[in-house]
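To start, the structure itself, in structure tokens.
The values are calculated or read from the model by the stated rules, or taken from the named source; none is laboratory data. Bear in mind the structure is a predicted one, so any value in this text is a computation, not a measurement. Using ideal geometry, Cβ is built from the backbone for each residue, glycine included, and neighbour counts are taken over all protein chains shown.
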Amino acid sequence: MPQKKANQVFPFVVVLRQRNRRRVEFLGIISNVIFLLILFQRIYEYPSARIINILLAVSVSGIFFYNIRKFLAREKISFRPVYVVASLSLLLIPPLNWLFLFFVLLSLTEKLALMPEEIGFADDKIVINALVPRIILWEELNNVILKDDLITIDFKNNKLIQRETDDADDESYEASEAEFNLYCVARLKKI
């Protein structure tokens, strides 16, 4: 099924398995623990803001334990809500105001690191999405094949891209391996 991306229609889009998801989630767990420790320190040392810090600690702990349960079940999680709460509370409630930058940076990094990695196949080119999209022309290739959830792109200069695919993302756009491979063979023969 065709998909539209950046005003370009791709007859086939292959979603790649994310290699760094677990590392990003583990970093989220560690940063969440750090923020909880900061909250507990503020509860102990600053009685004037104790109530707001306790409320923050309870809400962040709830999100934390919910995400831990999902992490152990190997489901996708996001700590972005915690990063937003952490950055706002650190900015507005002293001390350690400068740490808000760390949590803003974590929020942006998590979003970028967990963007779905896709390869779009069009009639004239192949586009690998990233911060800076990479364009590959069909003329540069010897072969493209999808087999057993593994995409292989073989370049004429003996370079090879081989990545695992992730079929679980969207079943409604799924095409068979045979259809995809026939499309690629047809594109390569036209060159």
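Does residue 88 meet the test of being in contact with a Gly (Cβ under 9 Å, 6 or more places away or on another chain), of a type in the set (A, V, I, L, M) and either free of Cβ contacts under 8 Å to residues at least 12 places away in the same chain or closer than 30 Å to residue 42 by Cα (or both)? Spelling it out, it is not the case that residue 88 is in contact with a Gly (Cβ under 9 Å, 6 or more places away or on another chain), of a type in the set (A, V, I, L, M) and either free of Cβ contacts under 8 Å to residues at least 12 places away in the same chain or closer than 30 Å to residue 42 by Cα (or both). Evaluate segment 38-59: report whether one residue or more is farther than 14 Å from residue 93 by Cα and surrounded by 13 or more Cβ atoms within 10 Å (Cβ to Cβ). Looking for residues that are farther than 14 Å from residue 93 by Cα and surrounded by 13 or more Cβ atoms within 10 Å (Cβ to Cβ), one finds at least one in segment 38-59, hence yes.
Looking across segment 99-150, just one residue is exposed (fewer than 12 other Cβ atoms within 10 Å of the Cβ), part of a helix (DSSP H, G or I) and at pLDDT 90 or above, and that is 139.
Among all residues of segment 75-89, there is none that is closer than 20 Å to residue 12 by Cα, at pLDDT below 90 and not in a loop (DSSP other than H, G, I, E, B).
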